[in-house]
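This report concerns only the one structure given below.
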Amino acid sequence: MLRCRLLGHRFRFLSEGDTMRWHCARGCGAGGAKRYPAAEDARRYARAFDHEDQEDLGRRAPLVGLFPLRLLRALREHRAKRAGTGSGVAPPPR
């Protein structure tokens with residue numbers, strides 16, 4: 001799913017007895033399960049992991065968050081190629 005590729009999965013966690021299960025709320029099919037020694041452990045971990053940090057929303061979007069750095073790198077590579085010092089140019093023989 002494109003949204004999960006761009007923004008990351010939106011996992012939701014729940015517990016069923018001694019098993020903690022998780023799935024992507026966007027419906028891409030990602031998910032899994034883990035068994036714990038006690039049902040209380042599964043409930044505790046599911047409760048701890050099942051939250052969304054709204055203040056970190058910009059940090060969880062790597063494509064959008066790192067886009068200015070990607071543009072800067074592409075611009076530097078383009079200038080280096082035009083100047084003849086880019087990675088695609090072989091060094092002069094010795």
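The values are calculated or read from the model by the stated rules, or taken from the named source; none is laboratory data. Just so it is clear, the model here is predicted, and its values are computed rather than measured. All Cβ positions, even for glycine, are placed from backbone atoms using ideal geometry, and neighbour counts span all protein chains on display. These area figures cover heavy atoms from the full protein model, side chains too; ligands, DNA and RNA do not enter into them. Shrake-Rupley method; radii C 1.70, N 1.55, O 1.52, S 1.80 Å.
Does Gly58 satisfy the criteria of being in contact with a Lys or Arg (Cβ under 8 Å, 6 or more places away or on another chain), open to solvent by 40 Å² or more (accessible area, probe 1.4 Å) and modelled with pLDDT under 95?
no
For the range 1-37, give me each residue that is charged (D, E, K, R) and in a helix (DSSP H, G or I).
Arg3, Arg5
From the list Glu40, Glu77, Glu52, pick out the single residue that is surrounded by fewer than 13 Cβ atoms within 10 Å (Cβ to Cβ), among the acidic types (Asp, Glu) and either modelled with pLDDT of 90 or more or outside any loop (DSSP other than H, G, I, E, B) (or both).
The unique qualifying residue is Glu40.
Quickly run through the range 17-37 and pick out the residues that are more than 13 Å from Asp50 (Cβ to Cβ) and open to solvent by 70 Å² or more (accessible area, probe 1.4 Å).
Within the range 17-37, Gly29, Lys34, Arg35, Pro37 qualify.
So Leu63 clears everything in (1) open to solvent by 50 Å² or more (accessible area, probe 1.4 Å); (2) part of a helix (DSSP H, G or I); (3) modelled with pLDDT of 75 or more except one condition, right? Which one?
Leu63 satisfies all of (1) open to solvent by 50 Å² or more (accessible area, probe 1.4 Å); (2) part of a helix (DSSP H, G or I); (3) modelled with pLDDT of 75 or more except (3).
Take the residues of the range 17-27 that are of a type outside the set (A, V, I, L, M) and modelled with pLDDT of 90 or more: which is nearest to the chain's Cα centre (by Cα)? Talk me through it step by step, then tell me what you get.
Here is the first cut: in the range 17-27, the ones of a type outside the set (A, V, I, L, M) are 17-19, 21-24, 26-27.
Narrowing the set further to residues that are modelled with pLDDT of 90 or more leaves 17-19, 21-24.
Working: Gly17: 29, Asp18: 28, Thr19: 25, Arg21: 20, Trp22: 16, His23: 15, Cys24: 13 Å.
The qualifying residue nearest to the chain's Cα centre (by Cα) is Cys24.
Is it the case, given these coordinates, that Leu14 is among the hydrophobic types (A, V, I, L, M, F, W, C) and either modelled with pLDDT under 90 or open to solvent by less than 50 Å² (accessible area, probe 1.4 Å) (or both)?
no
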